[in-house]
Amino acid sequence: MTGSDDFVLDLLQSRGIVSDSHVAEAREHAQLGGTSVVDALILLKRVSEDDVLHLVAAEYGMDTFEFSSDFKIPPDVVAAVPTDIARRYHIVPVMRNEGTLTVAMSDPSDLEALDSIRYILRTDVEGVVASRKAIERALEYYYGDVGDSVESFLEEMTEGSLDIGEVATTDVTTETSEEEDDEAPIIRLVSLLILEAFRTRTSDIHLEPMEKRFRIRYRIDGVLHEVENPPKYLQNNILSRLKLMAGMDLSEHRVPQDGRIRVPAMGRELDLRVSDIPCSHGESIVMRILDKSSVMLGISELGFLEDDQQTILKIISFPDGIFLVTGPTGSGKTTSLYSFLHTLNQPTRKIITAEDPVEYELSGINQVQINAEIGLSFSHALRSMLRQAPNVIMVGEIRDAETGEIAINAALTGHLVFSTLHTNDAPSAITRLIDMGIKPFLVASAVRAIMAQRLVRRMCKNCPEPHQPTADEIESLGLPADHFADAKLMVGRGCSECNGGYKGRMGIYEIFILEDNIQELIYAKADSGQIRTKAIANGMRTLRQDGLRKASIGLTSLEEVIRSTVGDDQE
């Protein structure tokens, strides 16, 4: 929806268009459906999208615009804005009058975009407001699709209609040399690979040299999918192009390298973290697409149900103590931590983080990049951070006893500390800290809560259908056959809007609060099994139990819960 969600909500309520009860209903719906509150109000028909557009446009002194079927934008007006500018700022020129160009935009609060367009085009520009979907349709109609598909482009290559030249293996020293080759087939192919990954909500692009083929896979919602593979003879050209874009040494093929790529795509700038490692049949490259919007989520958008959400808000409101988030790589720990920091990020609080690496820049938060080569380790950074008198500290990971002890001392001296550990469940984090060499009484005194998490695919909202659990699912879960008698189990059929019945991901959580009887077990050096049993007796839900709650109301599937919680039991 246009503008800031909170800003639009305030407008709707202050104008009396929606009531407090409508907003409360929409918040609940948004939490379950993974949408914004304003979008939920529209879906619930408490307000129309046109009403919201008119309201926000009026607030910024703009008119609204509708792309009707009988309205055609003159070709000279379309030509006034180059394709890359229209897509970068997500605008469509609609008319020109006495030297002033009028452009349709979905976010009237983005006044910087208008200023940038005025500067680039050297002309007066004014904005009108249209829906995001209408602008996307207009961009496709007037400027063509984002590009050819990788499949069709490769077909042209294999038919021999495109001449494939060798990619230079020397550094590019000027922008001009790259611009001259901008239409070269390899450059187009690499751009298409990245754009298609972005369009399909891919988190990682894997380029893997095999013995007789060059495999490319996209990780979508946590699952790898193989796409159309380029011919093997293009392998070196593609890899060289990517290394060039990432600022790597093109002549080095023996040692791993890391780099970053920034490219414009569909109205925004994509940031990709690139890892290159030599393998048996060539260099394997993995590109992680870093999307800042994916980590700037509110707590309600992470997948917490209402009771767990209230628990988390209570935990992060503590004035001091340690809150640990655990789970394997790729389980969403960073997203959760950033969401907590985003919630706490107020002018009255000083927040400092130590990260390795700093992948997302957060406005209003002081972020320290760990660099072991110059001696800036987590422990060194943490010591220095304490001299900055912060209220909240985030340590990317507790890797050793020294870092753990400093973090604990910080928690015991009035700081709220967030960090991560790699353990399979929440109670195991206690024994991990003790095994590192941290004294049990310090762990019991400083750690307030621990949260383990996994990611499951979210059910597509457009194609769900009722599901009866299979005998294999019941057996895998170890539950009685009538356990789901009152549940609303769903499975996705698959449609044009999703990927095999799923669209997006959400978290399942195990929230472990250290109560007095848990502290007594820690003092007694109890093992993780005993601590886990007591935590469950205290009311802790396991990862699988939380997953089953969400499957029972149709947010995900039993298949996803079983896949993500193998080895977890109900106890």
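The values are calculated or read from the model by the stated rules, or taken from the named source; none is laboratory data. Being a predicted model, the structure only gives us computed values, none of them experimental. With ideal geometry, Cβ positions are generated from the backbone for all residues, glycine too; neighbour counts draw on all protein chains shown. Surface accessibility is based on the protein's heavy atoms, side chains included, excluding ligands, DNA and RNA. Shrake-Rupley method; radii C 1.70, N 1.55, O 1.52, S 1.80 Å.
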For the condition at positive phi and at pLDDT below 95, what is the one hit in G492, G529, G501?
G501
Tally, over region 487-531, of residues that are under 26 Å from V223 (Cβ atoms), touching a residue at least 24 places away in the same chain (Cβ under 8 Å) and in a loop (DSSP other than H, G, I, E, B)
9
Which count do you get for residues in region 15-35 that are more than 19 Å from D50 (Cβ to Cβ), modelled with pLDDT of 70 or more and of a type outside the set (V, I, T)?
9
If I filter region 194-220 down to residues being of a type in the set (D, E) and at pLDDT 90 or above, which single residue comes out as farthest from S275 (Cα to Cα)?
E211
Could you give me the residue pairs with C-beta distances under 9 Å whose first residue belongs to region 57-86 and is under 21 Å from I120 (Cα atoms) and in a helix (DSSP H, G or I), whose second residue is open to solvent by 80 Å² or more (accessible area, probe 1.4 Å) and modelled with pLDDT under 85 wherever it lies, and which are 6+ apart or on separate chains?
D84/P264
Give me the residue from region 87-117 that is among the aliphatic types (A, V, I, L, M) and not in a helix (DSSP H, G or I) and, out of that set, surrounded by the fewest Cβ atoms within 10 Å (Cβ to Cβ).
M95
Determine, yes or no, whether L139 is touching a Leu at 6+ places or on another chain (Cβ under 9 Å), at pLDDT below 85 and part of a helix (DSSP H, G or I).
no
Looking at I536 and the list (1) in contact with an Asp or Glu (Cβ under 6 Å, 6 or more places away or on another chain); (2) within 22 Å of T326 (Cα to Cα); (3) in contact (Cβ under 8 Å) with a residue 40 or more places away in the chain, which single condition is not satisfied?
(3)
Select from region 317-356 the residues that are open to solvent by less than 20 Å² (accessible area, probe 1.4 Å) and over 23 Å from L555 (Cβ atoms) and list them in ascending order.
G321, I322, F323, L324, L341, L344, I351, I352, T353, A354, E355
Between a first residue in region 102-122 that is over 12 Å from Y60 (Cα atoms) and a second residue that is surrounded by fewer than 16 Cβ atoms within 10 Å (Cβ to Cβ) and acidic (D, E), which pairs have beta carbons less than 8 Å apart while being 6 or more apart in sequence or on different chains?
T102/E126; V103/E126; L114/E126; R118/D124
Restricted to region 357-387, and to residues that are polar (S, T, N, Q) and over 21 Å from E402 (Cβ atoms), which residue is surrounded by the fewest Cβ atoms within 10 Å (Cβ to Cβ)?
S363
May I ask you to list the residues in region 552-563 that are out of contact with any helix residue (DSSP H, G or I) (no Cβ under 6 Å at 6 or more places or on another chain), assigned to a helix (DSSP H, G or I) and surrounded by fewer than 21 Cβ atoms within 10 Å (Cβ to Cβ)?
S552, E559, R563
Can you find even one residue in region 361-383 that is among the charged types (D, E, K, R), touching a residue at least 12 places away in the same chain (Cβ under 8 Å) and in contact with a Ser or Thr (Cβ under 9 Å, 6 or more places away or on another chain)?
no
Considering region 58-86, residues that are within 28 Å of D6 (Cα to Cα) and among the small types (G, A, S), and then whichever is surrounded by the most Cβ atoms within 10 Å (Cβ to Cβ), we arrive at A86
Subset of region 537-551 that is open to solvent by 30 Å² or more (accessible area, probe 1.4 Å) and assigned to a helix (DSSP H, G or I) - its residue that is nearest to F304 (Cα to Cα):
R549
